[in-house]
Protein chains: 2
Amino acid sequence: MFIQGNMLIGQQSVKGNGRLIHAVNPATGERLEPGYGAGDASDVDRACQLAWEAFHIYRRRPQRERAAFLRAVASEIEGLGDALIERAMQESGLPRGRLEGERGRTCGQLRLFADVVKAGEWLDVRVDPALPERTPLPRSDLRQRHIGVGPVAVFGASNFPLAFSVAGGDTASALAAGCPVVVKAHSAHPCTSELVGFAVQKAVQACGLPEGVFSLLFGSGRDLGQALVAHPRIQAVGFTGSRAGGLALMKAAQARPQPIPVYAEMSSLNPVFLLPQALADSAEALADGFVGSLTMGAGQFCTNPGLVVALAGPDLERFMAQAGKMLSGSAAQTMLTPGIHDAYQQGVQQWTSTSAREVARGEMGPESDNACQAALFATTASEFLTDESLHEEVFGSASLVVECQDEAELLDIIDHLEGQLTATLHMADSDAALAGKLMAPLELKAGRILANGWPTGVEVCHAMVHGGPFPATSDTRSTSVGSGAIHRFLRPVCYQNLADALLPDELKQDNPLGVPRLVDGKREV
Amino acid sequence: MFIQGNMLIGQQSVKGNGRLIHAVNPATGERLEPGYGAGDASDVDRACQLAWEAFHIYRRRPQRERAAFLRAVASEIEGLGDALIERAMQESGLPRGRLEGERGRTCGQLRLFADVVKAGEWLDVRVDPALPERTPLPRSDLRQRHIGVGPVAVFGASNFPLAFSVAGGDTASALAAGCPVVVKAHSAHPCTSELVGFAVQKAVQACGLPEGVFSLLFGSGRDLGQALVAHPRIQAVGFTGSRAGGLALMKAAQARPQPIPVYAEMSSLNPVFLLPQALADSAEALADGFVGSLTMGAGQFCTNPGLVVALAGPDLERFMAQAGKMLSGSAAQTMLTPGIHDAYQQGVQQWTSTSAREVARGEMGPESDNACQAALFATTASEFLTDESLHEEVFGSASLVVECQDEAELLDIIDHLEGQLTATLHMADSDAALAGKLMAPLELKAGRILANGWPTGVEVCHAMVHGGPFPATSDTRSTSVGSGAIHRFLRPVCYQNLADALLPDELKQDNPLGVPRLVDGKREV
């Protein structure tokens, strides 16, 4: 296992014939070797056909084997050792601690899904026993379970080169659902992708699974990505990235003779509401916490707090003064790619052409082409409500404070927000009445509502929702983080009047796998 | 409450200004009064705005009130008495017994969803308690529940003027999910629609719900239907009908600035596989059962057995001889609308221009413009595999027998089928080995697999799946019949670190509603 600059198609290492893709060290501007040749339609076809063949076998392997495979992927990733972390640091500009933490999250996520597979809640087993004596008509025995939808195309995200990339949340949940995965690597971290790809490839072989369970392709989103989504064997798509990118994939998926679901996680301002008493009690502490969340990882998180909403007044002034002070002292950080850096600069520049006023900017430097200054702007609710450009996400450490004259304006802001991943309330006990008024409107705008914390740092657990109304995601019925993510890649199948021997194990009469069941609509205990 | 020829927008009765829609008695060709004026964009807007306003209140009413409302709708429909049945007979040409049964199913469905709402499985409550001592980082308290997506547009189906129309399965499941409904009535049964609409309207008032919980509009699919799907307040669509109609709605839903899910149930051949020993044992009995299923209701069911697949040979000849005999003696039946009748005639006519051979036709007459002759054709597997026109659904009592030379050809047929609602196996004990080989490929093609029965007669229960891969439905992750249908109209919301008082009742710490919960991924008992 060594770096080759190749795609991984099943168990093969394949050099792409297209334009070479080179990672760039965003801190130094250095072009990194090796180059990765972009794949073409024939590579997409080969990977998808292998995935289709593998699907028939993989989906029917016992659940304990599927769980063991997920654990093996986690162990193989850990087995890559420091080489993975070092390469990811070079390719992403992210610091070691962050990447080691992200590796832990990635492997924890794979092991969580191993547990989820075995627990069997995802099967949603339902049994409605036969009622042969029922009048006027008897009822047949009816049983339901869920199965995987088929091969899934996963697009690696730039901002989580491990946890939302080759073996990240989309891949883990698709594999858990019994779906082979074809990954399009993000061009920002090709070698990190290849290394993780080796780990998955090795686990596939070690577990005796068909090779098509996993492939890794390189290429541009417009060419190879579109071809992948259009391939007839692909049955669902997982994507985390820009709104334009997500919309393009949605369009491609709908243009197929057989349209397929796209789970695109795209864009979110993650509004933070500072309620009056909380602001009065702790304006400065809130400002410190806010700047910490805003500047973490150069603000390159889907859940970065890009909007702060509060009632205008001296307490908000205190908050802004302290936030401005903290932010002015915040060191510039290298962003993930030149493209993200450019988009950030343009986004902040665009704010300067609006009525919003600049509150503070972070420090300049270090000497890097892609270092960003954090930025805090402020505007009034009435300006925010009339200027749609202020509703667009600026991906990075930039946030906008919206000053409301009264509660009515604050509620009006919520009504005019697009769909969000998160909404945060900072509240003291005596803010409870206002918080109560905000809950219902916020539920309709966000996938997650949190109190007295910060939206960054998404817990990978059972209750997590990392999703939300459009354009936060393309499909508000889903989450891309946490065990619920498996449901994106499942479909129900009903079995009527089938002999026990023909039924899958999870539906057999004596429940040999001990899976949870709903019998006649009631939970079996 | 009397027939007015009006739309129902909230609690108002509104005359549409557009072209008059008249039902036609398909048995007599008689144009039925009154005419229903088609609504326009302003009617759509009014109904959708009312639905949006109602959504905020309705979704937050206690679940027992939502359940009581569903029961009240059922009682009000029963309270319409024989007037409803008589009008539905006139408008649909369906016989009294069928419509009385369908009314029972409609009301039973509403009451099933009332039970489902109260049982609370649909909430998918998940609780991951705080772990304040966890290292390196503590975990916040995280809780998840599901809420309704928002107002739902429902398109009444022609073939179930009660059970899949104004207060049918789509409406019942959307209301159960907490979503107001705006129905576009099917133009084939406007007065039946208005009567049922009155019943829902009355239940809304009696239960003290906001009027916008339900509206009923008349108009063409191309105009009013498209405007309804495009309306920004509509958040999901339920449709049962033709493939062309479903595809048009999918396109409209994706073209919105905010795309929304469409649940279209469109087209299915419902293949029936007669395995060798079953055919040898009971060719004649199978033929009798088959013709009964095929001709029931003039074959106007989504699950009508439009394809029979078996190994060629004397047993299949016996089956065809008996089926031909039964079918030749089957009385012509009036179809639902002139449009459906024309499409049926064209579909059967089209078969005569293929290599398929005619096995039998049903009787002519009665004297009705819209009476159809049942039709049975046969072809070889190799012809079927090469002629895509034979894969298109002919809606009505027409079926095609496909003769296979061997098991390999039979499996090849399955591989080449489009997505289906159902697949049926007729098998004797000694067919088990072959049946076992068919199970896996059939799971990938159909939402429901049944043995030794007929696909018509869809049970409304918890384990039912009335769905399937495209083009059977637009969204294979769902069912439109049975309690699982509620999931189409729900989305998850996560609550992090919120005080108990701010949490919805179903998430409060002491579980006051007694709903089922997953705590740290484990079922609470």
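What follows draws every value from the coordinates through simple rules; no lab data is involved. For clarity, every value in this text was computed on a predicted model and none was experimentally measured. Counting neighbours? That spans all protein chains shown, and the Cβs are built from the backbone with ideal geometry, glycine included.
Observations, loosely collected:
- For A:GLU443, A:GLU407, order by how many other beta-carbon atoms lie within 10 Å, fewest first: A:GLU407, A:GLU443
- For the protein assembly as shown, the Cβ-based charge dipole about the Cα centre amounts to some 680 debye (Lys, Arg positive; Asp, Glu negative; other atoms uncharged).
- Mean residue ellipticity (222 nm) of the protein assembly as shown, computed from DSSP H runs ≥ 4 via -39,500 (n - 2.57), nearest 500: -11500 deg cm²/dmol
- Average silhouette area of region A:136-286, convex hull of alpha-carbon atoms, in square nanometres: 17.0 nm²
- Couplings for region A:276-283, taken from phi via the Karplus curve 6.51 cos²θ - 1.76 cosθ + 1.60 with θ = phi - 60°, read x, 5, 4, 5, 5, 5, 8, 3 Hz in order; Gly and Pro are left as x.
- HN-Hα J in Hz across region B:8-18 - Karplus 6.51, -1.76, 1.60, θ = phi - 60°, x for Gly and Pro: 10, 10, x, 8, 8, 9, 10, 7, x, 8, x
- In summary, the lysines within cross-link reach of A:LYS445, defined as a Cα separation below 16 angstrom excluding same-chain residues under 8 places away, comprise A:LYS437.
- By the rule of a C-alpha distance below 28 Å, with chain neighbours fewer than 8 residues away ignored, the lysines paired with B:LYS15 are B:LYS184, B:LYS202.
- With Cα atoms as the point set, the radius of gyration and Dmax of region A:271-451 evaluate to 15.5, 49 Å.
- Whole-percent P(r), chain B, all Cα pairs, 10 Å bins from 0: 4, 18, 26, 24, 16, 9, 2, 0, 0.
- All lysines inside 19 Å of A:LYS522 as judged from Cα atoms, apart from same-chain residues fewer than 8 positions distant: A:LYS508, B:LYS118, B:LYS522
- With the charge dipole of chain A set up from +1 on Lys and Arg Cβ and -1 on Asp and Glu Cβ about the Cα centre, the Cα lying farthest toward the positive end among the listed residues A:GLY221, A:ILE9, A:PRO161 is that of A:ILE9.
- The amide H of B:PHE470, built 1.01 Å from its N in the peptide plane, has B:THR476 as neighbours under 5 Å, considering only residues 5 or more places off or on other chains.
- Region B:234-318, relative contact order in percent, only Cα pairs under 8 angstrom and at least six apart counted: 31 percent
- Placing +1 on the Cβ of every Lys and Arg and -1 on the Cβ of every Asp and Glu, with nothing else charged, gives region B:1-133 a dipole about its Cα centre of roughly 140 debye.
- Legend: mean number of C-beta atoms from other chains within 10 angstrom of residue C-beta atoms, peptide A:464-477, equals 5.
- For the pair A:LYS325 and A:ASP40 in one chain, pulling the backbone fully straight at 0.36 nm per residue adds 97.5 nm over the alpha carbon distance.
- Amide proton proximity set for A:VAL272, modelled H, under 5 Å, gap of 5+: A:LEU307, A:VAL308, A:VAL309, A:THR424
- Between the amide H of A:GLY37 and those of A:GLY16, A:ILE21, distances stay under 5 Å, these residues lying 5 or more places away or on another chain, with hydrogens modeled in the peptide plane.
- Out of every Cα-Cα pair that region A:138-211 contains, those further apart than 17 angstrom amount to 50 percent.
- Dipole axis of region B:271-451 (+1 Lys, Arg; -1 Asp, Glu on Cβ), positive-most option in B:VAL272, B:LEU444, B:PRO314: B:VAL272
- Förster-model FRET efficiency, 56 Å R0, B:GLN346 and A:SER13, C-beta, rounded to 0.05: 0.55
- Evaluated at q = 0.16 Å⁻¹, a Debye calculation over the C-alpha positions of region B:82-223 (equal weights, vacuum) places log10 I(q)/I(0) at -0.85.
- In region B:271-451, Cα pairs under 8 Å separated by at least six residues give a relative contact order of 29 percent.
- In the protein assembly as shown, a dipole from Cβ-located charges (positive for Lys and Arg, negative for Asp and Glu) runs towards its positive end, and of A:LEU84, B:ALA248, B:CYS207 it is B:CYS207 whose Cα lies farthest in that direction.
- When each of A:ASP124, A:ASP520 is scored by the number of other beta-carbon atoms lying within 10 Å, the sequence from fewest to most is A:ASP520, A:ASP124.
- Extension gain (nm, one decimal) between A:ASP115 and A:ASP82, 0.36 nm per residue minus Cα-Cα: 9.2 nm
- For the pair A:ASP412 and A:GLU363, label points projected 7 Å from Cα toward Cβ lie 4.1 nm apart.
- Spatial separation of Cα centroids for region B:425-499 and region A:363-431, in angstrom: 45 Å
- For region B:354-462: rounded, prolate or oblate by the Cα gyration tensor [a/c cutoff 1.5]: oblate
- Estimated FRET transfer efficiency (B:LEU20, A:ARG134; beta-carbon r; R0 60 Å; 0.05): 0.85
- Fewest neighbouring Cβ atoms within 10 Å first, the residues B:MET89, A:MET439 line up as A:MET439, B:MET89.
- The value of relative contact order for chain A, using C-alpha pairs under 8 Å at least six residues apart, is 18 percent.
- Inter-probe distance in nm under a simple model that places probes 7 Å from Cα toward Cβ, at A:SER355 and B:GLU317: 8.8 nm
- Listed values for region A:136-152 are Karplus-derived 3J(HN,Hα) couplings in whole Hz (6.51 cos²θ - 1.76 cosθ + 1.60, θ = phi - 60°), namely x, 10, x, 10, 6, 5, 10, 9, 10, 9, 10, 10, x, 7, x, x, 10, and x replaces Gly and Pro.
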